[in-house]
Each structure stands twice: as structure tokens, then as C-alpha cells.
Amino acid sequence: MKIYVPCDSSAVSVGADAVARAISQHAITKQRPDVTVSRNGSRGMFWLEPLVEVETPKGRVAYGPVTPDAVPALLEAGMLDGKAHPLCQGLTEEIPFLKQQERLTFARCGITDPLSLADYIGNGGFRGLERARSMTSDAVIEEVVTSGLRGRGGAGFPTGIKWRTVAKAQADQKYIVCNADEGDSGTYADRMIMEGDPFVLIEGMIIAGRAVGATLGYIYCRSEYPHAFRTLQRAIEIGREDNYLGSAAGFDLHVRLGAGAYICGEETSLLESLEGKRGQIRPKPPLPAIEGLFGKPTVVNNVISLASVPIILDKGGAHYRDFGMGRSRGTLTIQLAGNIKQGGLVEKAFGLTLRQAIYDFGGGTASGRPLRAVQVGGPLGAYFPESLLDTPLDYEAFAEKKGMLGHGGIVVFDDTVDLAQQARFAMEFCAVESCGKCTPCRVGSTRGVEVIDRIIANRDREKNLQVLDDLCELMLDGSLCALGGLTPYPVMSAVKHFPEDFHARN
Amino acid sequence: MDIALAKKRIEGFQDTPGALLPMLHALQEEFGYVDEAAVPLLAEALNLSRAEVHGVISFYHDFRHHAPGRHVLKICRAEACQSMGCNRLIEHVEKKLSVKMGETTADGNFTLEPVYCLGNCALSPALLLDGQPYGKVTAGVADALIENAQRQSGRQA
Ligand SMILES: Cc1cc2nc3c(=O)[nH]c(=O)nc-3n(C[C@H](O)[C@H](O)[C@H](O)COP(=O)(O)O)c2cc1C
Ligand code: SF4
Ligand code: FES
């Protein structure tokens, strides 16, 4: 009798460890040696965490959110046999939030024990690698090109094309670097994969290594994710023990810890940081694909980009490409965050509208108050009003509305939000996180905070709004990278769509 | 700072390429901060100037220049947590501990630090107490966590 209690840090943050202990304890007192508690990843339905699942002949039955105090009553009610209880959510796979998804990259997440290779292989793991091993490296790259996969880190650059460049480069050493800096507020898909299915990321990196001729990989994991870091370390050890990694396998992997700098999510800054330097932006060209880590040709890809590679190789590029719309192919891992009733991960073909994501999946605001603003794409993403909610989740559709899909995080705000304060925060964040390399960003963002403070204090308001506009223009045009270059997005979208918070405030 | 111990932690990464960040993390893990006295040791180990080492330490928000309190409380102040009232939570905690963000309480019990997203944005507001994650944190939950930690350090003292 297997009971699943997630080890995902978000589940742990609301008591999953205590729940697991309570169930084990109860099994001991009631002399049920047949009951074992297994720690799985999260299914991504965070409003139900800790979500406990029990195996029944019909499939897994879910209970949530479970507190340690509720455990005795749940067991009395027959939870071990999947019996009814107010916390019973029925068969997990039938919960509408999950049932309506198209889980490709997250196919295993929440189902398996993240550190069990047997679970991994038993659920389709390493099939992509196996197929890749039977193909030439060029054919592997073409499969990724065919899939239409675009980088999920934010810029949306075609992954296969990037790999081609690295494959063509001649060098004695090449690297695969996984960008696991996931700095955007409202995003946690990378974290979920690293904690819930780390082998899929490792498999993706091994395939990437074979495809471009790289023998060494690094995962740059942000320090705010201590659980993910430990899980990766352990997964790499296991991979080495079973000869998926290591010198005999032809590819080895290390995980490194970031140090709390948002800018280190930008790929060239990340490479500087991996080399042990200040995380300052490198001018491009040269592209990292030509001169990357330690000056060698390097693939830098986001966690989700790399974790999508195994299923593309397993099922074929065409299978993946057949999901999605326009030039956005495959699935997007949408992360519902902030003031949302049903916060969680939704993997779905590109093309769902923002409204469908927020209402059909998310169930509206958590506070029950009217939704007023939505920020998509992290701290550099635009604030959208209710009137833009019918925008489809697609790179080009968002760009058209002067927004950005970024890493797929959707942060919902209710009507208590003050967009002047949000604009101020965007500027302040840019000032705190600026790498200092160029003036429009370094000085402009500090000036931006001062100007918004004057607007809020109603000092020469209309004049200062003009100053803010000019300043944003300057940052947009004159910044070396997207931190300074995109901070104007949240600021100007706030002014444009929510003028009453700037012009008419008292 | 125990120099011999610091040297030992640094030596552990002597063969690591781009070793400065792993070394700094190891020192901070050992001592809770990166002591000024570690700078020449790092410079020597990596064949860098002291100024270069300084430059790296000061670039990253993570590395502390002073010993932290017995407990480190990191509260998320990024957008998803803002939408669920983290600014009020932060004010509440600042008042309760009589410190501002970035400071350590007079009794050396708590260091309060800001953090920009913990990846727990579906269960905002979020915080980390001594590396342990907490989500959906109300003022009441924060009080209980703080009081519990206080009792713990009381027992240790
Ligand atoms: C300020 C800034 C922060 C970024 N942060 C991240 C990040 O946290 N994670 C990420 O994967 N990409 C981030 N990126 C994008 C990377 O520079 C790069 O495009 C990406 O790692 C490439 O991988 P992909 O093609 O798989 O998306 C950031 C870019 C900028 C300008
Ligand atoms: S825009 Fe900002 S973060 Fe980017 S290079 Fe310039 S100063 Fe650095
Ligand atoms: S914004 Fe607070 S945890 Fe992500």
C-alpha cells in the first residue's frame, strides 16, 4: 500500500513533511507494515498541497489540502482504500485542473519518486536518449529543429538552431550550460522539474551533449532554491553510479550555486559568474555558441527547454510541433501565481488565452475581489488590464500587445493594487539588480524611482510623467541588455493602462 | 574567523574551474558570512588581486560581510508575494523584531533579509526561516515561527 506525499519545497512550505511523518507514525501505531510513504514530486496543484495520494485499483485517489491534524480522521474514514472524506478530491487524473492539461515535459512530475531511477525508467525515462544514441548527431539536431522548440527562458530563440551553431564550431572542449537561475517572480516550473523529475533535465543535457559534441555540463541553480540544488546533486551522483554520467559515459555534469543576483539569469552574465567573476554582461557578439564558458563553444539553455528534449526525441519532433499555434510550437508551462484561487502549473499547447488560464484553470482571484491587473513574464513583463485578457499565450501575440511571455509566469493582482507602486518597484528592482555596466540602466533606474516618487507625491505631476516617459525611452534604446532595456515595459504599461493611478491620485 | 578552517574549506575547491563562488559559498556556510580576513586567502589560492576578490564578493547579494543572527529569516518581496500582501507582512515582522530589512536584532537572535522570489509564488506570501520554506504566511504564522525559534535559541543559550 503506497501513499504519496510530495517532497516539493512548495508542498513542504505548507506542511508536507509533517503530514508524511504523521502518516508513517499512524501506520506504525495501527500496525500497518504494508503502508509505505513515498515522496513524489508535486502535481502542481498548489492550492491542494499537501496533496496526499493513495493507490487504489481504479488509480490514485487524492486528498488535499491535508494537515497533520487531519491525518487520524482521514485514516479512520478509510483514506487507505480511497474512501470519501470532505478533503477527498477523487481520482487525481480526473481533477479538471489536471485533466485538461497536455503534459509532455511534465509527464512524470508528481507521479514518480524524483530520485528513483527505476521509477524514471518505468515511466518512459531514457527512451529519448536511447533513440538519440541510434541516430547521428546531425539527425538529433534536426529532430529538435523540426519540433519548433523555442527557448523557454524568455527570449524564445529556436533551440535546434542554437545547437547547430555549437555543433559546427570547432574546439577541443564544448559545454552544455543549463540556466536554472529562474529569477522571475511568479515562476517555478524549473524548480518543480529540478525537485520533481531531475533525471529528465539530466537526460536532456546528455542528449544535447551528444548532439553538439560537448562532454561537460553545468547547471547554474539559483541559491534561493536550496531544495532543488540538493536534489540535483543527489540525482547527478545516482546518474554517475549507474553510468549515465561520468567519463566512461562520455558526458559529466556539475551543479553550481548562484548567489542572489537576478542579472545572472542573463546568459553571458551567468557564464561570467560560472567562471568565478562578477556577473557583468558580456557584449554580444561573440555569441556564447561560439565563445561561451571559458571561451569555448557553449549551449546555454533554460531548464524547461532542455527537459523538453527527451520527449521530442522519444516521440519525434513532428509530434511535439503539432501542439501550439503560429510560430509558438509545443507546450507552454504556464505558472499561475499571486492572488489566484487555484495557483499551480498548467502545461498546455500555446494558444490558450490569458482569461482561460486565469479563470478556467485558476478560478479567479484568491481574495474573491475583482481582478485588476496581471503581470506576465516576470519583473520585466508588462502589466495588463482586464481588457487584454483575451490575448492568447503566444510569443508573437504578446509582443503585439507590448507584452512578453517570458518564462510563462502569470501574476494576478486584485483591485487593491496600486500600479504607481508597482511601477516604482520595477524601477527599484532594476536599480538593485543592475550589473552596472551601462549608464541608462544603472543611473536611469535610480532616477526612475525618484521621478515616480515625485509623481506619487503630486509634485509637478504632469511634467514628471513626461520625464518618466523620456527616461523609459532612453533606457529602452540605450541599455546593453534586457534588464535596463525591458524595465520600461512594466513601468509604461502601468502608466498607459492604469492612468488613474498616476494622473488622478490624491 | 578560524583561519586554518577557512584555508581548509578553500582548499577543497582548489581544482574546481571558476572556483571563487563555490569557495565563497563554502566560507559562508561555515561561518555565516565572508570575513574580510578571507580575502587575502582567496586571492592567493586563485592568483587574483584582493581588489578582484572584493569586487566579486560585493557584486553578489548573498554574501554577508558580518556574522548573522542565530536565525536567518528571508522574506520574499517580489511581485507575486506583493499581490498577497507581503509588504504588510514585512512591516509586521520588522515591528515585531524591531529591525529593518537587512538588519540583525540587538539580542543577536534574528537577521531579517529580503529575497526576490523563492519559487513558491502559488502559495504567497513566502519566506525561508533557516533554509526551511513556508508558504501562505500570515502575520500569525510569522509570529509563531519567530516565537518558536526564540524558544529554541533560549534553550540552547
Ligand atoms: C535580465 C535577464 C534575466 C534572465 N533570466 C533568465 C533566467 O532566470 N532563466 C533563463 O532560463 N533565462 C533567463 N534569461 C534569458 C537568457 O539570457 C537566455 O536567453 C536563455 O538562458 C537561453 O536559453 P533558452 O534559449 O533555452 O531560453 C534572462 C535574460 C535577461 C536579459
Ligand atoms: S542594461 Fe543594466 S544589467 Fe544590462 S548590461 Fe546594462 S547595466 Fe548591466
Ligand atoms: S514572488 Fe514570492 S515566492 Fe515568488
Completion exercise
Expected single match for of a type outside the set (D, E, K, R), over 23 Å from the mean Cα position of the chain (by Cα) and outside the structural domain of A:Asn339 (by TED's automatic domain parsing) among A:Leu216, A:Leu232 is A:Leu216
Practice task
Examine the range A:457-479 for a residue that is open to solvent by 60 Å² or more (accessible area, probe 1.4 Å) and within 14 Å of ligand 1 (Cβ to nearest atom), and state whether such a residue exists.
Solution key: yes
Practice task
Go through the residues of the range A:12-30 one by one and say whether even a single one is assigned to a helix (DSSP H, G or I), β-branched (Val, Ile, Thr) and touching a residue at least 60 places away in the same chain (Cβ under 8 Å).
Solution key: yes
Handout entry: Selection within the range B:81-114 - touching a Pro at 6+ places or on another chain (Cβ under 7 Å), buried (at least 22 other Cβ atoms within 10 Å of the Cβ) and within 9 Å of chain A (Cβ to nearest Cβ)
Key = B:Cys81, B:Met84
Practice task
Kindly list the number of the only condition in (1) more than 10 Å from every other protein chain (Cβ to nearest Cβ); (2) assigned to a loop (DSSP other than H, G, I, E, B) that fails for B:Ala142.
Solution key: (2)
Exercise for the section: Being of a type in the set (Gly, Ala, Ser) and closer than 16 Å to A:Met194 by Cα is the filter; apply it to the range A:100-120 and report the residue that is surrounded by the fewest Cβ atoms within 10 Å (Cβ to Cβ). Expected result: A:Ser116
Exercise for the section: Report the residue count in the range B:86-125 for those that are closer than 23 Å to B:Arg64 by Cβ and either within 16 Å of ligand 2 (Cβ to nearest atom) or of a type in the set (Ser, Thr, Tyr) (or both). Expected result: 5
Problem - Conditions (1) surrounded by 24 or more Cβ atoms within 10 Å (Cβ to Cβ); (2) over 22 Å from the mean Cα position of the chain (by Cα): number failed by A:Arg282 - result: (1)
Practice task
Quick one: A:Thr333 ticks every box in (1) open to solvent by 10 Å² or more (accessible area, probe 1.4 Å); (2) assigned to a strand (DSSP E or B); (3) polar (S, T, N, Q) except a single one, so which number is it?
Solution key: (1)
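Which of the following residues is surrounded by 19 or more Cβ atoms within 10 Å (Cβ to Cβ), closer than 30 Å to A:Phe429 by Cβ and modelled with pLDDT of 95 or more: B:Phe13, B:Phe31, B:Phe63, B:Phe59?
Working: B:Phe13 fails: closer than 30 Å to A:Phe429 by Cβ; B:Phe31 fails: surrounded by 19 or more Cβ atoms within 10 Å (Cβ to Cβ); B:Phe63 fails: surrounded by 19 or more Cβ atoms within 10 Å (Cβ to Cβ).
Being surrounded by 19 or more Cβ atoms within 10 Å (Cβ to Cβ), closer than 30 Å to A:Phe429 by Cβ and modelled with pLDDT of 95 or more holds for just one of B:Phe13, B:Phe31, B:Phe63, B:Phe59, which is B:Phe59.
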Fill in the blank from the handout: Going through the range A:31-46 in order, the residues found to be assigned to a loop (DSSP other than H, G, I, E, B) and in contact with a helix residue (DSSP H, G or I) (Cβ under 7 Å, 6 or more places away or on another chain) are A:Val35, A:Arg39, A:Gly41, A:Ser42, A:Arg43, A:Gly44
Problem - Breaking point among (1) touching a helix residue (DSSP H, G or I) at 6+ places or on another chain (Cβ under 7 Å); (2) on the phi < 0 side of the Ramachandran plot, for A:Ile358 - result: (1)
Completion exercise
Within the range A:265-292, residues facing chain B (nearest Cβ under 9 Å) and within 11 Å of ligand 1 (Cβ to nearest atom) come out as A:Gly279
Problem - Which listed residue, of A:Glu291, A:Glu237, is within 25 Å of B:Leu20 (Cβ to Cβ), away from ligand 3 (no atom under 16 Å from the Cβ) and assigned to a loop (DSSP other than H, G, I, E, B) - result: A:Glu291
Practice task
Please indicate, with yes or no, whether at least one residue in the range A:195-217 is within 12 Å of ligand 1 (Cβ to nearest atom) and within 14 Å of another protein chain (Cβ to nearest Cβ).
Solution key: no
Problem - Inter-residue pairs, beta-carbon under 9 Å, first within 11 Å of chain A (Cβ to nearest Cβ) and in the range B:56-69, second hydrophobic (A, V, I, L, M, F, W, C) and open to solvent by 40 Å² or more (accessible area, probe 1.4 Å), 6+ apart - result: B:Val56/B:Leu48; B:His61/A:Val432; B:Asp62/A:Leu257
Exercise for the section: Determine whether the range B:132-145 contains at least one residue that is open to solvent by less than 40 Å² (accessible area, probe 1.4 Å) and within 16 Å of A:Tyr225 (Cβ to Cβ). Expected result: yes
Handout entry: Residue list for the range A:1-46, filter: within 20 Å of the chain's Cα centre (by Cα) and either more than 14 Å from chain B (Cβ to nearest Cβ) or open to solvent by 50 Å² or more (accessible area, probe 1.4 Å) (or both)
Key = A:Asn40
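Each row is one residue, and each column tells you yes or no for (1) modelled with pLDDT of 95 or more; (2) more than 30 Å from A:Tyr395 (Cβ to Cβ).
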{"residue": "A:Asp81", "(1), (2)": "no, yes"}
{"residue": "A:His85", "(1), (2)": "yes, yes"}
{"residue": "A:Gly122", "(1), (2)": "yes, yes"}
{"residue": "A:Gly151", "(1), (2)": "yes, no"}
{"residue": "A:Ala155", "(1), (2)": "no, no"}
Problem - Considering residues of the range A:145-157 that are under 18 Å from the mean Cα position of the chain (by Cα) and more than 6 Å from ligand 1 (Cβ to nearest atom) only, the residue surrounded by the most Cβ atoms within 10 Å (Cβ to Cβ) - result: A:Leu149
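Results for (1) within 16 Å of ligand 2 (Cβ to nearest atom); (2) modelled with pLDDT of 95 or more; (3) charged (D, E, K, R); (4) under 23 Å from A:Leu336 (Cα atoms), shown as yes or no for each residue.
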position: A:Glu428; (1), (2), (3), (4): yes, yes, yes, no
position: A:Val449; (1), (2), (3), (4): yes, yes, no, no
position: A:Ser479; (1), (2), (3), (4): yes, yes, no, no
position: A:Ala494; (1), (2), (3), (4): no, yes, no, yes
position: A:Asn506; (1), (2), (3), (4): no, no, no, no
Completion exercise
Inside the range A:356-383, the number of residues satisfying the requirement of being surrounded by fewer than 19 Cβ atoms within 10 Å (Cβ to Cβ) and in contact with a strand residue (DSSP E or B) (Cβ under 6 Å, 6 or more places away or on another chain) is 2
Practice task
Could you please tell me which pairs satisfy a Cβ distance under 6 Å, a separation of 6+ or placement on different chains, a first residue in the range A:246-264 that is of a type in the set (D, E, K, R), and a second residue that is more than 16 Å from ligand 3 (Cβ to nearest atom) and in a strand (DSSP E or B)?
Solution key: A:Asp252/A:Leu216; A:Asp252/A:Gly246; A:Arg256/A:Tyr218; A:Arg256/A:Tyr220
Exercise for the section: Please go through the range A:159-189 and pick out each residue that is surrounded by 24 or more Cβ atoms within 10 Å (Cβ to Cβ) and hydrophobic (A, V, I, L, M, F, W, C). Expected result: A:Trp163, A:Val166, A:Ile176, A:Val177, A:Cys178, A:Ala180, A:Ala189
Completion exercise
In the range B:115-137, anything at the interface with chain A (Cβ under 7 Å from one of its Cβ atoms) and either over 14 Å from A:Pro50 (Cβ atoms) or aromatic (Phe, Trp, Tyr) (or both) is listed as B:Val115, B:Tyr116, B:Cys117, B:Leu118, B:Gly119, B:Cys121, B:Ser124, B:Ala126, B:Gly131, B:Tyr134
Handout entry: Failed condition for A:Cys438, given (1) farther than 30 Å from A:Asp360 by Cβ; (2) away from ligand 1 (no atom under 15 Å from the Cβ); (3) open to solvent by 10 Å² or more (accessible area, probe 1.4 Å)
Key = (2)
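The values are calculated or read from the model by the stated rules, or taken from the named source; none is laboratory data. What you see is a predicted model; the values in this text were computed from it and never measured. Please note: Cβ atoms are built from the backbone with ideal geometry, for glycine as well, and neighbour counts cover all protein chains shown. All accessible areas refer to the heavy atoms of the entire protein, side chains included, with ligands and DNA or RNA removed. Shrake-Rupley method; radii C 1.70, N 1.55, O 1.52, S 1.80 Å.
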